[in-house]
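Asker: Take this structure, written in structure tokens, and hold onto it; I'll ask about it next.
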Amino acid sequence: MIVTDGGTIVSPISAVLSGRKGNQSMKADSDQKPALSLDTAIARLERALGHLEGSVQRRIDADRSLNALQSDVQRLGEDRSQLAATLDEAEARASRLEEANRDVSRRLVLAMESIRSVLDDQRG
């Protein structure tokens, strides 16, 4: 797109061909049909360029979105690694606690058996 001195936005083709349109109005009536065909072709070309510019803009937006998604995936991967490390630490701690629990339970059983033995000896 090109911005003219008047602030109007036109396509590059329109800017180049704007001088031709002024010259065409001076042609004789016999040239009106080719001039209309040229005007029609120019209008079609401008519409096609507008569609192309829209497609390019959508592609640029899609690329930005893709880059944002890739950044999110990378960040999620880092978060996953951190969570996996935290989970490993928690599992190791749980394992140590289970082992300590078994040890305490074993000691309690031994203490209870010792108390029973002493009580049986005193009764008997």
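The values are calculated or read from the model by the stated rules, or taken from the named source; none is laboratory data. This one's a predicted model, so the numbers in the text were calculated from it and none came from an experiment. Positions of Cβ are backbone-derived with ideal geometry, glycine not excepted, and every protein chain shown enters the neighbour counts.
Asker: Within the group THR40, THR86, which residue is at pLDDT 95 or above, on the phi < 0 side of the Ramachandran plot and of a type in the set (Ser, Thr, Tyr)?
Answerer: THR86
Asker: Continuing with the same structure: Given the criterion at pLDDT below 55 and either in contact with a helix residue (DSSP H, G or I) (Cβ under 7 Å, 6 or more places away or on another chain) or assigned to a helix (DSSP H, G or I) (or both), identify the matching residue among ASN23, ASN67.
Answerer: Only one candidate passes the filter, namely ASN23.
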